[in-house]
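The values are calculated or read from the model by the stated rules, or taken from the named source; none is laboratory data. Bear in mind the structure is a predicted one, so any value in this text is a computation, not a measurement. Reconstructed Cβ throughout: ideal geometry from the backbone, glycine too, with neighbour counts over all protein chains shown. When the accessible area is computed, the model is the full protein with side chains, heavy atoms only, and any ligands, DNA or RNA have been set aside. Shrake-Rupley method; radii C 1.70, N 1.55, O 1.52, S 1.80 Å.
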Amino acid sequence: MSTKAAYIYHHTMADVILGPGHPMQPARLAITHELLSASGILDQLLCVEPQPATKAQLQALHDKDYVDFLFRAASPIADKDQKCVYLCMEALFMFPDLYKYYALCAGGTLTAARLLIRGEAKIAINWGGGLHHGKKDWAHGFCFVNDIVLGIIELLKFYDRVLYIDIDVHHGDGVEAAFNNTDRVFTISFHQFGNEFFPRTGRLEDCGEEEGQGFAVNVPLKPGIADEAYRNMFTPIMERVMAVFNPNAVVLQCGTDSIANDRLGSLNLSAKGHAECVAFICNFKLPTMILGGGGYTVQNVARLWFLKTAVATGLDGQLTEKLPANKYYNFFGTGKLNVPSDATVKDQNTAEELELIRSKILARYDSGTG
Ligand code: TV1
Ligand code: CA
Ligand code: ZN
């Protein structure tokens with residue numbers, strides 16, 4: 001008997017609005033959920049409703065003062081000076097229920113970690129998680145907590161080595177920073193880089209420090225990369241990392257802002273191309289946590305997370321090229337499942353540049369293959 005894949009979802013998260021015109025729309029969680037439900041795939045998953053993370057759990061990464069601040073922050077009594085210290089540019093984006101929302105993001109990822117540790121699932125999916133920019137005492141890039149770091153800290157209680165893979169269009173700076181000096185967590189981020197693109201970190205040269213030297217990889221990309229060129233980076237690099245690091249568990253951040261026509265990102269992957277990366281990682285058959293993250297063209301985020309849920313759980317044979325009949329049907333524009341690459345977009349990466357990045361990264365691991 002094979003264990004079901006776990007799917008973590010709390011319906012109240014989708015009702016949250018971060019602010020007028022804010023690109024991060026939690027409603028995408030409900031739309032993804034509706035596709036899973038309408039297709040019948042949801043019935044084949046172990047659905048788990050998370051508890052909010054407690055203050056004590058958040059403090060596994062975050063400073064007590066910062067957690068206390070978040071708890072009070074969305075209320076009118078919040079201190080203006082404190083906002084400046086903890087929130088930097090995020091001060092504009094305070095919203096009611098902020099604490100509840102982020103405690104559920106983190107609680108969901110902690111639940112995913114525990115399901116994997118207890119062997120209750122081999123794959124655990126939390127589309128509400130993936131907040132890779134959060135720092136121990138400040139909010140950054142829509143991430144007021146860092147659920148990923150909290151989840152990895154939990155996994156490290158049981159697993160020796162955890163591999164973190166980040167295919168969001170932005171650099172996974174918060175996760176990289178938290179584990180920059182340790183050899184127990186290997187972090188790798190593929191991201192758009194250059195021209196001040198947020199958060200401006202994640203250079204090719206940055207590869208960990210002290211004990212952690214060689215345990216971080218950054219793959220900086222220019223706008224316009226599509227499926228084939230991305231695959232030619234992702235596959236050989238991940239194959240090598242898997243062989244060299246030999247992880248006991250994997251955490252995959254699946255921000256969908258790297259597909260074509262995102263509101264913030266300028267890469268040009270198709271939904272199928274992005275989902276292939278997930279299939280490739282799941283094929284290693286390690287305990288794997290799958291998290292959300294960015295993704296700002298909401299109907300395409302729902303398409304892709306629906307597709308990835310099916311791919312990661314081995315249920316993609318049940319999908320068709322068409323979306324199932326569902327209550328948001330008109331909102332999707334077309335009834336098609338895939339989001340194709342945009343043929344009018346030019347790839348600004350040259351084959352030579354990509355080859356140089358790939359060979360520089362692979363050369364660091366030439367002597368050891370496991
Ligand atoms: C409110 C309303 C907020 C409209 C933010 C785009 C908005 C952005 C908005 C926006 C926006 C960013 C910066 C500003 C540094 C700051 C979940 C001085 C149309 C994981 C976070 C990107 C990405 C933050 C998060 C970035 C993730 N871009 N409209 N804000 N500058 N912040 O650039 O990696 O996907 O854009
Ligand atoms: Ca990334
Ligand atoms: Zn992003």
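Worth a mention:
- Relative to the 2.2 N^0.38 Å rule of thumb, the range 1-51 has a C-alpha radius of gyration ratio of 1.35.
- Maximal additional length on extending the Asp97-Arg72 stretch stands at 8.0 nm, based on 0.36 nm per residue less the C-alpha distance.
- Using the empirical formula 2.2 N^0.38 Å as the baseline, the Cα radius of gyration of the range 318-370 reaches a ratio of 2.04.
- Extension reserve of the Lys322-Asp160 stretch, reckoned as 0.36 nm per residue once the Cα distance is removed: 54.1 nm
- Kirkwood's formula applied to the C-alpha pairs of the range 180-336 gives a hydrodynamic radius of 16.8 angstrom.
- Here the Kirkwood formula, the inverse mean of 1/r across different C-alpha pairs, assigns the chain a hydrodynamic radius of 20.5 Å.
- Inter-part distance where the range 88-155 and the range 333-352 are each reduced to a Cα centre, Å: 30 Å
- With contributions of -39500 (n - 2.57) from each DSSP H run of at least four residues, the per-residue ellipticity at 222 nm computed over the chain stands at -11000 deg cm²/dmol.
- By the Stokes-Einstein formula, at 0.890 mPa s and 25 °C, the range 125-261 with its Kirkwood radius over alpha-carbon pairs has D equal to 163 µm²/s.
- On a per residue basis, the range 108-221 carries 33 Å² of accessible surface, using protein heavy atoms and a 1.4 Å probe.
- Between Asn261 and Asn338, residue separation times 0.36 nm minus the direct Cα-Cα distance comes to 26.4 nm.
- Residues whose placed amide H lies under 5 Å from that of Val251, excluding near-sequence neighbours: Leu163, Tyr164, Ile165, Met289
- Relative intensity, log₁₀ I(q)/I(0), of the range 265-370 from a Debye sum that treats every alpha carbon as a point, q = 0.19 Å⁻¹: -1.12
- Where the Cα pairs of the range 257-300 fall when distances are cut into 5 Å bins, in %: 5, 21, 25, 23, 14, 9, 3
- Glu355 paired with Ala243, simple spin-label distance in nm, labels 7 Å along Cα-to-beta-carbon: 2.0 nm
- Residue (of Ile237, Leu45, Gln213) at the positive-pole extreme of the chain, dipole from beta-carbon charges: Leu45
- Karplus-derived HN-Hα couplings along the range 320-336 (A = 6.51, B = -1.76, C = 1.60, θ = phi - 60°), whole Hz, x at Gly and Pro: 10, 5, 9, 5, x, 4, 7, 6, 9, 3, 5, 4, 6, x, 10, x, 7
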